[in-house]
1. Rounding to the nearest 10 and keeping the result within 0 to 90°, find how far the Cα-based axis of helix 450-462 lies from the longest principal axis of the chain.
2. With θ set to phi - 60°, apply the Karplus curve 6.51 cos²θ - 1.76 cosθ + 1.60 along segment 70-85 and write out the HN-Hα couplings as whole Hz, x wherever there is a Gly or Pro.
3. Report D for segment 76-217 in µm² per second (integer): Stokes-Einstein, Kirkwood Rh on Cα pairs, 37 °C, 0.692 mPa s.
4. Placing +1 on the Cβ of each Lys and Arg and -1 on the Cβ of each Asp and Glu in segment 179-318, which of 290, 226, 214 has its Cα farthest towards the positive end of the resulting dipole?
5. Over all distinct Cα pairs, what is the inverse of the mean 1/r for segment 126-295, reported as the Kirkwood hydrodynamic radius in Å?
6. How about segment 44-112: which trypsin sites (Lys or Arg not before Pro) there are in a DSSP loop, with at most 15 other Cβ atoms within 10 Å of their Cβ?
7. Long-range amide H contacts for residue 338: which residues qualify at under 5 Å (H placed 1.01 Å from N, peptide plane, sequence gap of 5 or more or a different chain)?
8. Would you please give the residues with an amide H less than 5 Å from that of residue 297, counting only those at least 5 places away or on a separate chain, with H modeled from the backbone geometry?
Amino acid sequence: MYQVDRYVEIRQAVIKEGISKREASRCFGVSRQFVDKAMECPVPKPYVRSKVKPSKLDPHKGFIDSILESDKGVHKKQRHTAKRIHERLCEEEGFKGGYTLVKDYLQSKRRKCRESFVPLSHPPGEAQVDFGEADIYLNGELERCHYFAMTLPYSNATFIKAYPLERTESFLDGHVSAFEFFGKVPQRILYDNASIMVKKIEADKTRDVTDAFLGLVSHYLMDYKFANVASGNEKGHVEGNVGYSRRKFMVPIPRVNSYDELNLDLKEQCTRFLDRRVRGKKSSIRTMLCDDLQAMESLPKYPLDPCSKKAGTVSSTLLVRFDTNDYSVPFEYANCDVSIKAYWDQVQIYQRDVLIACHQRLFGKEGFSYHPMHYLKLLERKPGAMEQAAPLKGWNLPKSFIKFKEALESRLKQNGKREFIQTLRLLEAYEMTEIEIAIEEALRLQTISVDAVKLLADGLRDHSTPDLDLSAYPHIPMVQVKKTQTNDYMFLLGGSAA
């Protein structure tokens, strides 16, 4: 800044005031060469080193270059760092220079090797798809979630939805949800080469795609394209948006009780995001989305069923296996062939197109999902297995049920377990609250039997008070009480009535 000010003063004195260069040199206390430079150029020229001094590293650059070349075929996390190269130079080459020389040389080499890209222009109606990862607190526990992202590069409109795992079901459900969010189907979608879609890349670069992906394409009749392998720049828009969405929508870390709660919040944020204007765009995202929608296709009459389908067989323990986990079915379907429909959040089991069981999906390995009701009919035949029955573990029944069970076992001994199981089977036709109230009333009336509970439950539904007429239940002991007679008491005293 000082030199520029001096240049201005010298140039004004010589050019405007007309003093000589010799006089300017004397007045400003600078050399004649400095005055000549000020007259040649309005501002000082940047310094350029006329001759580059040799570096201690020069004899060893070939060694470093050979290391960098060999690193190209090595896993990126096992490539040489600048520190490791410096250590090898010292040990193997006798290098006496410092670490900074090596670090600066590597930075210059890597900067020159960086790939250059052509800015792309995206027409309306096209989309890009990718998955990202983020941490969430689910019911207070830190968990890694995977989120599906679809972006429309022309308008920058974005839709994201979170899932526990990146699976085929998540991939399909993400598309269905994104199409519903935008209200239309993109003309063409750009993908990476994930195994969810691509089974194999042939020698001629064609892709052998999965049946699930072909089903998605066939249902929505959209065009698709795959990016070149290890060429994330080709779908850089969605990759950048994946990171932006994580920073924008998931910071601070979301705290939710379910994925439904998280996805509702993400959908609302995607909707609010439409009101923003992206740098370099002429209008807001919502306005430009209109151009995208005009170029997109209408939704089909029915959305795709976003699930994986598989055939299975029920085991003798009433279990069906899917993705290493076992799910229970009712007793009457033991050893039957069934079909399985797995969604991202649940597993449905069918027998001849009839839904026989539905479970929350397990995401671990070798887990079990039991429904206690599926085993009651079997336990009625084998009541001795009740105490150790795994499907009943963790079934939090009301306290009145336990009291009723103890009363039954006290009255009927071994048959008490079977009658308690019959009482539990009433839950097949009644609500838990109805049976709970009926059991509490049966305990109060001391009518300890499954028939009494059923009668009381029927009364709750009919809003009437049952008369507990036992004539319809011949297996319940009947007690007849005669009218009291005076002679009966006198007989006990050894006399007769007067």
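Please treat every number below as a calculation from the coordinates, not as lab data. Just so it is clear, the structure is predicted and the values come from calculations on it, not from any experiment. Because the Cβ atoms are built from the backbone with ideal geometry, glycine has one as well, and the counts that use them run over all protein chains shown.
1. Helix 450-462 sits at roughly 70 degrees to that axis.
2. For segment 70-85, the Karplus curve yields 5, 5, 5, x, 10, 3, 4, 7, 10, 7, 5, 8, 4, 5, 5, 5 Hz.
3. In µm²/s, the coefficient is 169.
4. Checked the options; the winner is 290.
5. One decimal place: 16.7 Å for the Kirkwood radius.
6. The qualifying sites are 49, 51, 56, 79, 96.
7. Counting only residues 5 or more places away or on other chains, the set is 312, 313, 314.
8. Here the answer is 185, 187, since their amide H atoms fall under 5 Å of that of residue 297.
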